[in-house]
Each structure stands twice: as structure tokens, then as C-alpha cells.
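Worksheet: the structure to be examined is printed underneath.
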Amino acid sequence: MTSHEIDYRIYGEEMQYVEIELDPQEGVIAESGSFMMMDDGIKMDTIFGDGSQKDSGFLGKILGAGKRILTGESLFMTAFYNNLTGKRNVSFASPYPGKIIPIDLTEYGGKFICQKDAFLCAAKGVSVGIEFSKKLGRGLFGGEGFIMQKLEGDGMAFVHAGGTTAVKTLAPGETLRVDTGCIIGFTQGIDYDVEFIGGIKNSIFGGEGLFFAKLQGPGKVYIQSLPFSRLAGRVLASIPNGGKSKGEGSILGGIGNLLDGDNQF
């Protein structure tokens, strides 16, 4: 194996975290901001790219960091190593309510494609790259699904999903249509494209966006019920006047809050 062989355990129900057990000289890479806690003896190192063999050499590291800019991530990743004797643990937490999904890349031919913000952490040696759209429709209208991440290697990787997770196994030629933001990821055999919903009423009054993702088998698809973009949109929409109540500090403002059901005094 080119990737480190790590053991893990996932804790929690809705706000999960994953605990990675590292043997001596084993390591794990993670997105900045996902770290939760670690045992004494774990060494933390900030690196360009993902630290895989594909990013060896100065030019490789620069290209690896550049790919991360395209996916909207930080230039850097964080690596954690166990440089002592005996086992050590390091844990990484979910950024919002949902599930942590373990992905054994050896079961999927060494490659898994996921949303650009889904990756949480992986065994040292797993390559975290980008998957560009090869179709015009997907590139112009895919929204969240335009640029995706690809995880390559023979180790364990962990992705995060919002809400409840559904897993669909598609037979050859079988098709599934999904909201673009609800896709967590899929195996490399899946053909992915974006389609226009069609119809004037659907386009203007449907409220579900103009496009959806068309996924065709064979392969496995992971779907989330609550993508972060949808959660953030609902939170922002529920804030009146950017968070300021109408007539704040006045008698009329208090009456307005009562009528709105906002009983804040």
C-alpha cells in the first residue's frame, strides 16, 4: 500500500467526530479547521497540497496547492504524525449536523469523486485533487457540482454529509436525478451531467432551481438531505432586515415584533 493503513472509530449521532488511531510513523491529512483533539506525542505539520507522492518536488507541491484554490479550499492542509512508540489518537469533527462517511478507496478502484466541501480527512498518501467537468452543460450550469474533488489512492478517506445520508447503487444504464447540492459523492463508474428542468412554470415558480444532476450507472451514489448551502440560505432568509428588528428600540417596533411572533424585549 502507498497510503498509511489507519484504524478509526466514529462517535456521535448528529454531530459526529472520527477518532483516528495511528501506529508509530503513521500519519493522516485533514482540512484546516477540522481538528478536534489529539494525544500527547502527535506531531502536527502544515503542508502544501496533500502530501501525497503525486505532489513530490517543489513544482508538484505548487500545483497541488493551486488545485486547492480552484476548489475554494485553503492553500494548506494539516498533517498529523505519530513519531513515538505505541498507538496515538487524533480526532476530527464534523463542521455542521450530519454524518461522517468512511470511504475505503480500495473498494472503489482507487478513486472517489465528492463535493468540493465534503472532504474531512484521509490517511497519509491519499491524493486530494480536482475533477473538472468534461461536459459543457455541467460546466456552465452545474453550480455546486461544477468543480468537484477526487480522492485517489489505496487508503481510507472520510467525507462529511449534512442531514441524513442515502446510498443508491445504480445498475448499468440506470438513471437517478438529484439536486446538485445534495450530492455527496459517487464512484468513478458514474456518468454525471446537469440537465435543464424545463417548462415555464417549473423555471419561474418551481422554487427548486433551473437544473438538476443526472447520474447514470453503473456505480454507487451518496446523497445528503441537507447540503450546507441550503442550510445557510434558510438561516439567512429567516433574519429580518439583516438581523435588525423593525423599529428597534421603539414602541412601534415592539408591537411589530408581537405581530410577527418575535417576543424579544
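The values are calculated or read from the model by the stated rules, or taken from the named source; none is laboratory data. Fair warning: this is a prediction, and the values are worked out from it, not measured in the lab. Glycine also receives a Cβ, built like all others from the backbone with ideal geometry; neighbour counts cover every protein chain displayed. Only protein heavy atoms, including side chains, enter the accessible area calculation; ligands, DNA and RNA are left aside. Shrake-Rupley method; radii C 1.70, N 1.55, O 1.52, S 1.80 Å.
Annotations
- Applying the condition of being among the hydrophobic types (A, V, I, L, M, F, W, C) and surrounded by 14 or more Cβ atoms within 10 Å (Cβ to Cβ) to the stretch 1-14 and asking which residue is modelled with the lowest pLDDT yields ILE6.
- When residues of the stretch 127-146 are limited to those that are at pLDDT 75 or above and in contact with a helix residue (DSSP H, G or I) (Cβ under 7 Å, 6 or more places away or on another chain), the one farthest from GLU31 (Cα to Cα): ILE130
- Of all residues in the stretch 15-43, none satisfies the criterion of being surrounded by fewer than 15 Cβ atoms within 10 Å (Cβ to Cβ), within 15 Å of the chain's Cα centre (by Cα) and acidic (Asp, Glu).
- Candidates LEU120, LEU59, LEU84, filtered to the one that is out of contact with any helix residue (DSSP H, G or I) (no Cβ under 9 Å at 6 or more places or on another chain) and either within 19 Å of ALA157 (Cβ to Cβ) or modelled with pLDDT of 90 or more (or both): LEU120
- Wholly enclosed strands (runs of 3 or more DSSP E) of the stretch 181-244 bearing at least 3 residues modelled with pLDDT under 90: 191-196, 211-216
- Answer residue from the stretch 147-173, given it is open to solvent by 50 Å² or more (accessible area, probe 1.4 Å) and among the β-branched types (Val, Ile, Thr) and is modelled with the lowest pLDDT among those: THR164
- Filter result (charged (D, E, K, R) and not in a loop (DSSP other than H, G, I, E, B)) within the stretch 74-107: ARG88, LYS99, ASP104, GLU107
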